[in-house]
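Reviewing the structure listed below.
Taken together, the values in this text are just the output of simple stated rules run on the coordinates, not laboratory data. The structure presented is a predicted model; accordingly, all values stated were derived computationally and were not measured. Cβ coordinates were reconstructed from backbone atoms using ideal geometry, including for glycine residues, and neighbour counts include every protein chain displayed.
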Amino acid sequence: MSFVQTPKSSRSSRRKGFTLIEAALVTTIISFGVLAMLQLLAAGTVSNNDGAEMSTAINLAKSVREMMIGMSIADPVTPTHWGSEAGENLASYNDIDDFDGKTYSPPIDARRISIAALPDWSQTIKVQTVDPNLLTSTVPNGTTAAVRVTVNVSRNGKQITSYSWVAFDAAP
């Protein structure tokens, strides 16, 4: 028996692998996909860091609010004096207006203890007397039984958040 070999077509013998153009095209496509995934990962990391920073800032502002809960607006002994009275310090502040204009860096917690683990953070507190019938309107300090407290929280000099609330003294 004799076998007759048929010559292979020249076209099929050249198609045993990728051409240089095909390999370059595949490499380019995969490179774009990997680059896009790296950009997505970087964007997610930045967003996660921003969220953690915002959570810390809001918690620092809420610590000031928690510290002030139950305090009267003005000093019971010298109600016409605005701000801290002579001889008072953070530990002895006994009313909300004592905190007006104060900045704490590192920030303080609700127990008035400095948070040394956050040295690049600061809290700035502003207390303004407001019209109880129009809370967006400020009036001269100490003239009503309502104040707006604003805490600006910053990190490395950049403001992260501003948190405000209104406090009222109980009617006599």
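For L20 and M54, the FRET efficiency from 1/(1 + (r/R0)^6), where r spans their Cβ atoms and R0 equals 30 Å, is about 0.05.
Between A42 and R111, the modelled labels are 4.3 nm apart [label points 7 Å from Cα along Cα→Cβ]. Counting neighbouring beta carbons within 10 Å and listing from fewest to most, the residues E66, E22 come out as E22, E66. Here D120, D169 are placed in order of increasing Cβ neighbour count within 10 Å, fewest first, which gives D120, D169. Between the Cα long axis of helix 20-68 and the first principal axis of the chain there is an angle of about 10°, rounded to the nearest 10.
Springs between Cα atoms under 10 Å define the GNM used for the chain, and in it the highest mean-square fluctuation of K62, K126, K158 occurs at K158. Taking the chain as a Gaussian network of alpha-carbon nodes connected by springs under 10 Å, the highest mean-square fluctuation of the residues S31, S154, S72 belongs to S31.
Taking the alpha carbon gyration tensor of the range 11-98, multiplying each eigenvalue by 5 and rooting it gives semi-axes of 71, 9, 7 Å, largest first. Look at W82, W165 and count the other Cβ atoms within 10 Å of each Cβ; fewest to most, that gives W165, W82.
As an exercise, take the mean of 1/r over every pair of distinct alpha carbons in the chain, invert it, and state the Kirkwood radius in angstroms.
Values: mean 1/r = 0.0476 Å⁻¹.
When all Cα pairs of the chain are included, the Kirkwood radius is 21.0 Å.
Please give the net charge around D98, taking every other residue with its beta carbon less than 12 angstrom from that of D98, where Lys and Arg add +1 and Asp and Glu add -1.
Values: positive: K102, R112; negative: D75, E85, E88, D95, D97, D100.
The answer is -4.
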